[in-house]
Amino acid sequence: MEKKIKESCLRRLSRIEGQVRGIARMVGDDRYCIDILTQIAAVHAALRKVEGELLRNHVSHCVEHAIASGNADDQRKKVNELVEVLSRRSG
C-alpha cells in the first residue's frame, strides 16, 4: 500500500474510532435517538470514504500489476477478489 494512502486511511480510521466512542457515550447518556442515528450515519459515510480509498489503491496497484504481468491466473484471481468484495459492499 502506498505510504500516502496508508497514512490517510489511518487518520480517517482514528477519527472514526473517536466518533464510535462518542456514540457509545451518547447511548450511555440516553441521548436523543435521532442524534445518535445521525452520528451513526456519519460513521458509515466516513467508513465508505476509507473503503473507496482502499478500493482505488487496490485497483491502481494490485489489479493493475496483475494485468501488466500477463499472468492469466493472477489476473482472474484479482478480478474475482474485486467482484467478491464489491458484491459484499452492495449486498
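The values are calculated or read from the model by the stated rules, or taken from the named source; none is laboratory data. These numbers come from a predicted model, not from an experiment. Here Cβ is always computed from backbone atoms with ideal geometry, including for glycine, and neighbour counts include all displayed protein chains. When the accessible area is computed, the model is the full protein with side chains, heavy atoms only, and any ligands, DNA or RNA have been set aside. Shrake-Rupley method; radii C 1.70, N 1.55, O 1.52, S 1.80 Å.
Looking at region 7-23, is at least one residue among the hydrophobic types (A, V, I, L, M, F, W, C) and touching a Leu at 6+ places or on another chain (Cβ under 8 Å)?
yes
For A41, are the conditions met, namely being modelled with pLDDT of 95 or more, open to solvent by 50 Å² or more (accessible area, probe 1.4 Å) and closer than 16 Å to R15 by Cβ?
Answer is yes for this residue.
Residue-wise test of (1) under 21 Å from R89 (Cα atoms); (2) of a type in the set (A, V, I, L, M, F, W, C).
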| residue | (1), (2) |
| --- | --- |
| R12 | yes, no |
| I16 | yes, yes |
| R21 | no, no |
| M26 | no, yes |
| C33 | no, yes |
| I36 | no, yes |
| Q39 | yes, no |
| L47 | yes, yes |
| V50 | yes, yes |
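Only one of these is surrounded by 11 or more Cβ atoms within 10 Å (Cβ to Cβ) and under 19 Å from the mean Cα position of the chain (by Cα): R48, R21, R31. Name it.
Step by step, each of R48, R21, R31 is checked, and only R48 is surrounded by 11 or more Cβ atoms within 10 Å (Cβ to Cβ) and under 19 Å from the mean Cα position of the chain (by Cα).
If you go through region 8-62 one residue at a time, how many are part of a helix (DSSP H, G or I) and either on the phi > 0 side of the Ramachandran plot or of a type in the set (A, V, I, L, M) (or both)?
Looking only at that region, the number is 22.
Which of the residues that make up region 70-84 are over 23 Å from K3 (Cα atoms) and not in a loop (DSSP other than H, G, I, E, B)?
Result: A72, D73, D74, Q75, R76, K77, V79, N80, V83, E84.
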